[in-house]
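Accompanying notes for the structure given below.
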Amino acid sequence: MAFENGDFVKIDYDEWRAADNALVFTTDRKTAEANGVLDKDATYRPALVIVGKGSIIKGVDKAVSGMNVNEEKNIELAPADAYGERNPQLVRIMPAAEFKKRDIDPMPGMRINLDGIAATVKTVNSGRVVIDANHPLAGEKLRCRIKIVAKVDSDKDKISALSEMLNLSPKSVEVNDGSAKIVFDEKTKKDADFMVSKSALVDAVFKYLDKINHVSVDELYSKEAEKQPEKETEKQ
């Protein structure tokens, strides 16, 4: 039975650049390791697709919508169904002084964020920096392997799946009569990234879960007693 718009589906997923057969993305650690692209700091786990909602590239979204749990499929995607065609207007030349103001030392290949726009530094010379705001895979044909791992049904599990997508780990999630309560305990590092992701989570819950009208987020903190190191008695 095909999935419907708005369904939450978890998939194992690989992306390969068709031009040179290079693996550019995978949800599987062993696949990354076998292809020499393992990121030891990355978390490898199934990807979340919210069918028909633009949560993943168009061609994969379309393929997933017609699949079933445990089904596996290999597809080829033209740029229009992947990361789009390259747009020359997204390539800019900027004075190096602009980067100095932002305390950035630009180097070719560096990924940067300028005023909320992600870009790649292409060249640096003569006081000028060329940046490209196209997606790194824009204009590329892709080969993709997709396997449907599971369909997520309950609102509680959907909120947990959204949290995982945003690299959040709530202690608990409760849903009752159109209200959701999400609790983060003292083990959660409540830094600037957490604040941004927390806000994105609430927005996502309202966007994708029609039956949830209220969301509360509880943050638990604890003050650890300072431990004073005992001074060793000098031996005469």
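Since every read-out is calculated from the coordinates, none of them should be taken as a lab result. Keep in mind the model is a prediction, meaning the values are calculated, not measured. Cβ placement follows ideal geometry from the backbone for every residue including glycine, while neighbour counts extend to all protein chains displayed.
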- [ ] Hey, could you check the stretch 158-178 for residues that are in contact with a strand residue (DSSP E or B) (Cβ under 8 Å, 6 or more places away or on another chain) and acidic (Asp, Glu) and say which is nearest to residue 2 (Cα to Cα)?
- [x] 164
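Out of 11, 50, 56, I need the residue that is of a type outside the set (Gly, Ala, Ser) and in contact with a Pro (Cβ under 8 Å, 6 or more places away or on another chain). Which one?
11
Does residue 34 qualify as being in contact (Cβ under 8 Å) with a residue 40 or more places away in the chain, small (Gly, Ala, Ser) and out of contact with any helix residue (DSSP H, G or I) (no Cβ under 9 Å at 6 or more places or on another chain)?
Working: in contact (Cβ under 8 Å) with a residue 40 or more places away in the chain: no; small (Gly, Ala, Ser): yes; out of contact with any helix residue (DSSP H, G or I) (no Cβ under 9 Å at 6 or more places or on another chain): yes.
Taking the combined requirement at face value, the residue does not satisfy it.
Can residue 162 be described as within 20 Å of residue 57 (Cα to Cα) and in a helix (DSSP H, G or I)?
Considered against the rule, which asks whether it is within 20 Å of residue 57 (Cα to Cα) and in a helix (DSSP H, G or I), residue 162 comes out as yes.
Being among the charged types (D, E, K, R) and either assigned to a strand (DSSP E or B) or under 23 Å from residue 163 (Cα atoms) (or both) narrows it down to one of 62, 100, 53, so name that one.
53
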Open item on the list: Being surrounded by fewer than 18 Cβ atoms within 10 Å (Cβ to Cβ), farther than 20 Å from residue 79 by Cβ and in contact with a strand residue (DSSP E or B) (Cβ under 8 Å, 6 or more places away or on another chain) is true for just one of 127, 116. Which residue is that?
Closed with: 127
